[in-house]
Structures are given as C-alpha cells and as structure tokens.
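To start, the structure under review is shown below, and the notes come after it.
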Amino acid sequence: MSTSLDSPIGHNTETVSEEGYHKDLGRRQIQMIAIGGAIGTGLFLGAGKRIASAGPSLALVYLLCGLFCFLIMRALGELIMYRPTSGSFVSYAREFLGERAAYIAGWLSFLNWSTTGIADLTAVALYMQYWGTFAAVPQWVFALLALCVVTTMNMIGVRYFGEMEFWFSLIKVIALVLFLIIGAIFLGLREPVAGHTTGFHLITENGGMFPHGMIPALLLLQGVVFAYSGIELIGTAAGESAEPRKILPRAINSVIGRIGLFYVVSVLMLVCLLPWTSYKSGISPFVTFFQTLGIPGIGSIMNIVVLTAALSSLNSGLYSTGRILRALALGKSGPRALARMNGQYVPYVAILTTVAVYLVGVGLNYVMPSEVFEIGLNFAALGIISTWSFILVCQLKLRQKINKGEIAPTGFAMPFAPYSNWLTLAFLAFVVCMMAFDYPDGTYTVAAIPVIALILTGGWTLLHRRRLPQKAR
C-alpha cells in the first residue's frame, strides 16, 4: 500500500518534531541559505593554508569533493521532498534506522557544529587582527563579541536569522563574483600582478598541479570537507519554510554549479594570478591578491567580506544545533529541557547549550590562540562525515520503501542510487583514513573516535536507564 507525500509513513511519530515552529523562511532566504552553506570559512580562510601546502592541486580536490557533496545534497533532497522537517537527518534516522541511530546522528552533528563554531570564532578574531588598530586587542575578545552578536540574532526569531543569513550570503556571493570578474580582466589583458605576468604558466613554472606530489593533495581532503560543511543546513531550514517542495529542487540542483564556480574556478584563478607560493596560512588568499594590487582600502574591504563569511557560518551553526538538539529531546535522546521554546518560537535552551560550548572556544582562543582553528577544523570534519553518512543511509532506506511500494515516489530521486550512495560512503571512509595520516591534528582526531564512541555509549545508557522507571510505571 502506497502512502502520499502529504501523509508519509512516520507522519504521526514525527509531526511532534515540528510543533512550535513558524514557517517564516521565504524563497529568497532558503535559496541564499543554500548558497551560503556552500561558501564559508573553509574557502575564505582555509584555502590560504591549503594552497600553501599543496599548491594548485587544491582545485582538483575541491572538484572531487564537490561532486560527492552534490550526491549528498541530492540524497538529502529526496528525503526532504518525502517529508520536510526541522529535525532533518535526525528525524529521518529515527524513522528509518531507529532511535539509537537518531541519537548518534544528532549528537555527532552537535560535535560537528560546536567545533565548527569554535573554528569560526577563531577566524573572526584572526580577521579582526588584520587591521593594525586592533592588533593589541586579545584574540579571545573578538571571539566573545562575535558570539554575542549571533546569539542575539538567533534568539529573536527565525525570520531575523533568515534575514541576517540572506545578507551574509549575498555579500559572500557578490565578493566572489567581483573577484572572478577582476581576476578574469587581469588574465585576459595579461596584466602583471606584483611583478608576475599572469597566466597558466605560473602553475607550470612552479611545480605543476602537484608541486609536492599526490599525498599532500590527498591530505587536504578533511580540510576541504570542512569547507563544504553547511550544505546540509538546507534540510533543517526546509522545516521552517512554507513551500519547501517548490523551492528545494532548484536550490539543490544549483549547488554543483556554485561549487564549480566559487571553489574550483576561484582557486585556479588565484594560482594563475600569483605564484601559489605567495599565499600563506592564516591569511585569506583573496585578501593576499587584493593587497598586491595596491588599491587603497581594497584589502580592508575584502577582509570585511571574509569576516562576514565567518559570522555567517557561526550564525548557521547556532541555528542548526538548536533545531537538532530539540529534535533529540523530543525523541527522548536528549535532556527534555532542550525542547523548550521561547516566546519567539526559538528553541532557546538548545541554542544556549551550544553557546556554552562556544564559550569553551573563546577560552581556547585565550589559552592557545595559534592552534585552536586547526583543532576545531579537524573535529568538525569528523562530525560532518558522520552527518553525511547518515543522510546517505537514510536515503537508501527511503528508496527501498519506495521500490516496495510502501512510499510514493518523491519526484526528486537521487541519481544512480544505490550505487552512488555506496560510492560516496566509500569516499567518506577514505577521507577518514587520510585524516589518520595527517599528523598531528588529523591523527589525534581519528584516535579520538573510540573516546567519542564511549561517550555516546555512556550517554545512551544513562538516558535509557532514566526511561526504564517511567516505562515500568
């Protein structure tokens, strides 16, 4: 017996996840959230270090990861078309894999966004110190100020979050488009930059696409995965949109084009405008390029843009974890207090829980300011990989039910499933393996997996024991 899209299997058990939310996100906000999710700190700041370590091969790594990210987005898109929910992959894991899977998916997502937020806070602080006026201000002060801003915006209602994210994303897109136009003009006219004649010869004359060989390029994978973190945010936002089934397909299908343009073309252009050795860790490569032009104030303008990108990612992470933690609480896989909403229909306890973790990041910016960004990046990559894996497995289960006639086709099927699912899962497993060889940060992160598993097991056991007396009554 088939079930219509408007009345899906699991509807009775999952509508509780949507209680209390207002559908205040519009078409333009959803579309810009989709764009903003694919453009963040990993490109604007992280690309500097990755170009410096592996050269032009970064463009190929972005392309490879981008293709798999598109498949992940299509898997999520089919799940959304089946049933939009603010619980996103946590709700899907609960329906298709059981409550234990929902618990693991949700808390690993929390690990992802909480550590991503720490990296973003650090990025904001680093960007602010670009201006000499603020050089004497401690890094942690700027991290704390950024946290106060995004916390306020998330607390006063989803409409304000959506509007803030719309403008953040628009600024990022406009800046990248301007860079591409200016870069194309310099390349087309063969105008020299910092004494270097622009063109592809800057790649061939500086070691080619793989100046240090293949291994350093493969070691970039976890950093590139971090750069793409946030693409799954559109699944959470869909639950607070009035017309997700009309808006989502087009937004998702445009992801691959944005990835190709903003990541691959941008990196190729950067290494054709300046030798790849000109770019440094801790400095946005876009800021480096514009500084060399000698135009007064252009470096500062670009630094404002990359600052916006970091705030956007931080803003999105706080929004996402609030909804995910509430979905966990409603499924009894988290403390019940996390489900509480304020008068603006915002899960304020869940958001403040994430803020508490971000405050640890502020402290790390005080204790170890030079290492905190890479620490956050590596642990975030681990959480991102787990989140994406759950999306792929849930879509596999959904397709099985569709093939059996238990659920009606969504009209937005993932291409080449189930083979594309298994190929993407194998790729994500390979990324984890490569992380283990990225000493010391990646090695320590992979070594922490058993510890994370023990913590999750202990948490599940504690929650289960607390529920046993209630069941007995």
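The values are calculated or read from the model by the stated rules, or taken from the named source; none is laboratory data. For clarity, every value in this text was computed on a predicted model and none was experimentally measured. Virtual Cβ from ideal backbone geometry, glycine too; neighbours counted across all protein chains shown.
Criterion first (of a type in the set (A, V, I, L, M, F, W, C), in contact (Cβ under 8 Å) with a residue 60 or more places away in the chain, part of a helix (DSSP H, G or I) and in contact with a Phe, Trp or Tyr (Cβ under 8 Å, 6 or more places away or on another chain)) does Ala184 satisfy it?
So Ala184 fails the test.
Of the conditions (1) within 23 Å of Leu45 (Cβ to Cβ); (2) in a helix (DSSP H, G or I); (3) under 23 Å from the mean Cα position of the chain (by Cα); (4) modelled with pLDDT under 90, Ile231 satisfies every one except a single condition; which number is it?
Result: Ile231 passes all but (2).
Does Gly162 qualify as being farther than 21 Å from Gly55 by Cβ, surrounded by 18 or more Cβ atoms within 10 Å (Cβ to Cβ) and either free of Cβ contacts under 8 Å to residues at least 40 places away in the same chain or in contact with an Asp or Glu (Cβ under 8 Å, 6 or more places away or on another chain) (or both)? Walk me through it before giving the result.
Numbers: farther than 21 Å from Gly55 by Cβ: yes; surrounded by 18 or more Cβ atoms within 10 Å (Cβ to Cβ): yes; either free of Cβ contacts under 8 Å to residues at least 40 places away in the same chain or in contact with an Asp or Glu (Cβ under 8 Å, 6 or more places away or on another chain) (or both): yes.
Yes.
Go through the range 44-102 and give me each residue that's part of a loop (DSSP other than H, G, I, E, B) and of a type in the set (Val, Ile, Thr).
Thr85
Looking only at the range 189-213, count every residue that is outside any loop (DSSP other than H, G, I, E, B), surrounded by fewer than 16 Cβ atoms within 10 Å (Cβ to Cβ) and at pLDDT 90 or above and tell me the total.
Here the count works out to 2.
Looking at (1) crowded, with 20+ Cβ neighbours inside 10 Å; (2) polar (S, T, N, Q); (3) within 22 Å of Ala125 (Cα to Cα), which is the only condition Ser300 fails?
Result: Ser300 fails condition (1) only.
In the range 391-422, what count of residues is obtained for those that are without any contact (Cβ under 8 Å) to a residue 12 or more places away in the chain and in a helix (DSSP H, G or I)?
Of the residues in that region, 5 qualify.
For the range 311-318, check the following and say yes or no: at least one residue is of a type in the set (A, V, I, L, M, F, W, C) and surrounded by fewer than 22 Cβ atoms within 10 Å (Cβ to Cβ).
We begin by selecting, within the range 311-318, every residue of a type in the set (A, V, I, L, M, F, W, C); these are 311, 314, 318.
Okay, now just the ones that are also surrounded by fewer than 22 Cβ atoms within 10 Å (Cβ to Cβ), so none.
Checking the range 311-318: not a single residue is of a type in the set (A, V, I, L, M, F, W, C) and surrounded by fewer than 22 Cβ atoms within 10 Å (Cβ to Cβ).
When the residues of the range 133-173 are filtered to those that are within 24 Å of Gly42 (Cβ to Cβ) and among the small types (Gly, Ala, Ser), which remaining residue is nearest to the chain's Cα centre (by Cα)?
So the residue we want is Ser169.
Quick one: is Trp388 at pLDDT 85 or above, aromatic (Phe, Trp, Tyr), surrounded by fewer than 20 Cβ atoms within 10 Å (Cβ to Cβ) and not in a loop (DSSP other than H, G, I, E, B)?
no
Can you tell me which residue among Leu121, Leu176, Leu111, Leu79 is touching a Phe, Trp or Tyr at 6+ places or on another chain (Cβ under 7 Å), surrounded by 16 or more Cβ atoms within 10 Å (Cβ to Cβ), at pLDDT below 90 and under 20 Å from Ala327 (Cα atoms)?
Criteria check complete, one pass: Leu111.
Which residues, counting only those in the range 240-282, are surrounded by 15 or more Cβ atoms within 10 Å (Cβ to Cβ), at pLDDT 80 or above and either outside any helix (DSSP H, G or I) or of a type in the set (D, E, K, R) (or both)?
Of everything in the range 240-282, those that are surrounded by 15 or more Cβ atoms within 10 Å (Cβ to Cβ), at pLDDT 80 or above and either outside any helix (DSSP H, G or I) or of a type in the set (D, E, K, R) (or both) turn out to be Leu274, Pro275, Tyr279.
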